[in-house]
Amino acid sequence: MKRVERYLGFAFANADLLMEVDGEGVLRFAAGAVQALTGYSDADLAGRPLAELLAPGDAALARRVLGALGDNERSVPRPVRLRRRDGRVIVCALAAYRLQSSPLLNVTFCQLAAGPAALPAPQDLDAATGLLTPAAFARAADATLTQEGDEPAAGGALTLVEMNNLADIRTRLTAEAEGQLMTEIGAVFRQHGGGVAGRVADHRFGVMAPAGLAEQITRDIRHIAADLGLDQPLEVDARTLDGDTPGLSRADRSRLLLHALRRFAEAGPAAVDVLSGQSAAAGFVKDAVGCLARLRDDLGGNRLSLVYEPIVDLKTGRMHHLEVLSRFNGDRPGAVITLAEELGVINDVDMLVCSLAMRELERAPADMVLAVNLSAVSVGSDLFMQSLMAQLKAQPGLSGRLMFEVTETGQMGDLDRARNVLGAVRRQGHPICLDDFGVGMASFTYIRALDFDHVKLDGSFIARMCVDKREEAIVAGMLALCRGLGVSAIAEHVENPEQMLRLRGLGCAMGQGWLFSHEMERPQRRDVDLRALSRPSAWRPTVVDAGG
């Protein structure tokens with residue numbers, strides 16, 4: 001076997017396509033599945049820039065990967081989108097190596113099947129940078145920290161980067177120059193963090209990479225301005241949290257990361273100073289204990305209350321049931337719920353709300369139905385679900401009167417188990433609703449794997465369905481899916497009569513939103529007939545204090 005044949009055999013043992021690229025990024029040689037992956041012949045590719053075969057963000061990534069290679073070095077494989085001649089895109093792992101004696105760089109492509117190794121779904125990517133969205137980045141970083149194995153995860157440090165003057169620089173650029181800047185920023189983070197790099201706020205970013213790379217990342221970002229000929233450099237403020245923090249379990253490391261990530265996204269690097277450096281574990285414990293004490297004080301100190309929002313039958317105009325909403329110190333609970341999940345006490349919040357709702361039903365009319373939210377985290381807890389089932393069995397009179405909405409604030413990992421536990425709740429006579437359907441891919445995973453009685457369409461689609469035909473088409477498609485699955489649909493954020501009538505015409509069963517809440521207080525409005533809306537005179541849903 002000739003030397004070149006042995007060389008090619010070795011290269012293709014782990015790749016589908018081999019290319020040689022010169023210092024200018026121009027292709028000089030290609031072999032392997034050239035026609036299948038690119039649509040070009042070997043001869044057609046010679047002399048073409050490698051960048052022409054890649055999506056713009058991936059071309060910037062490839063250029064950085066190739067430029068960083070030293071003699072006899074091989075790069076870590078990175079997922080990229082290879083653009084065929086016919087316009088189709090194939091996701092491949094790109095790797096490169098530089099032989100000391102050769103003026104050319106060797107680049108290999110290996111086609112990736114759909115799965116964790118491939119690129120994320122489009123809705124999980126920030127359009128400007130190609131980085132993960134905040135929620136997708138949190139999930140990916142959490143998975144990196146909690147992966148099985150005796151050794152700490154590779155790249156298990158979280159580097160958080162704020163570019164203080166990024167917004168100001170962008171305002172002075174043309175659209176083309178701004179796009180190039182954001183592409184280059186994304187390429188730096190993808191180069192060092194692989195698939196675990198995200199844009200967590202407008203000018204704040206996070207990347208999971210070995211702690212030793214933090215300084216290199218900040219240097220590369222500062223150099224972007226000079227590379228692009230900008231009139232001022234990017235101001236970079238970075239903090240690194242070591243994922244291998246002594247004294248913390250994998251679960252606690254994950255909580256530390258999510259806690260720090262949320263605080264950074266909201267308030268910047270200074271908000272996580274207490275969690276960084278050698279005292280990360282002590283800082284996290286101190287910060288978490290303080291937050292936990294305040295949260296537990298809210299739960300047990302008459303600061304949690306319940307309010308109610310009606311869900312109305314769109315055909316009859318009559319109230320079908322009321323959703324139970326919690327308030328902490330009179331405010332909406334979004335930040336509190338997030339904190340409760342990070343600190344591992346969301347089960348306590350859910351259980352308290354369930355208990356208060358059950359107490360309220362004991363004094364309500366027999367035909368009154370209340371819906372309570374359950375986080376996916378609580379559904380995934382054996383202890384929580386066993387406690388809930390014990391309460392439901394002890395109060396058989398609540399069968400059919402208490403329903404549960406499963407929210408996507410957390411992720412359900414074991415769907416077979418979730419199907420079993422939710423099935424047990426349904427067999428006790430308690431309907432199950434999937435909340436916020438359509439927002440993330442997890443909701444489609446849930447509706448495929450689990451049984452629901454109702455599906456609540458996220459209000460972001462309802463808000464624009466009367467002014468945007470695309471949005472209306474999406475709503476119509478989701479309603480058709482619900483009909484095919486034999487579940488009733490509830491539309492959130494119904495704000496005006498036009499939306500209500502359009503939803504009714506599309507076959508939506510129920511609606512929820514300002515229109516109906518407002519009409520409960522003003523049944524005399526003439527633009528929509530909701531005078532039949534029932535609200536039992538013997539009982540009024542009232543604000544219920546946790547200690548009352």
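Values in this text are rule-based calculations from the coordinates and carry no lab data. Remember, it's a predicted structure, so these values are computed and weren't measured experimentally. No Cβ is skipped: glycine too gets one built from the backbone with ideal geometry, and neighbour counts run over all protein chains shown.
A Stokes-Einstein calculation at 25 °C with viscosity 0.890 mPa s, built on the Kirkwood radius of the range 162-242 over Cα pairs, returns a diffusion coefficient of 190 µm²/s. Once you order the gyration tensor axes a ≥ b ≥ c over the Cα atoms, which shape class does the range 447-516 get: rounded for a/c under 1.5, otherwise prolate or oblate by comparing a/b with b/c? Prolate, because a/c is 1.5 or more and a/b exceeds b/c.
Extending 7 Å from the Cα toward the beta-carbon at both Ala51 and Arg170 defines two label points whose distance is 2.2 nm. Modelled this way, with points 7 Å down the Cα-to-C-beta line, the labels at Ala127 and Leu228 are 1.8 nm from one another.
How much length would be gained if the chain were fully extended between Ser101 and Ala36, taking 0.36 nm per residue of separation minus their Cα-Cα distance, in nm to one decimal?
Gain on extension, Ser101 to Ala36, equals 20.3 nm.
One decimal place: the segment Asp44-Lys469 gains 148.7 nm when fully extended, by the rule 0.36 nm per residue minus the C-alpha distance.
Looking at the range 14-79, the GluC sites (Glu not before Pro) that sit in a DSSP loop and have at most 16 other Cβ atoms within 10 Å of their own Cβ are Glu24. The calculated FRET efficiency for Ala113 paired with Arg28, based on their beta-carbon distance and R0 = 25 Å, is about 0.25. Here the calculated FRET efficiency for Ala394 and Glu495, from their Cβ-Cβ distance with R0 = 41 Å, stands at 0.55, rounded to the nearest 0.05.
Here each label is just a point 7 Å from Cα along the line to Cβ, and for Ala211 and Val89 those points are 3.7 nm apart.
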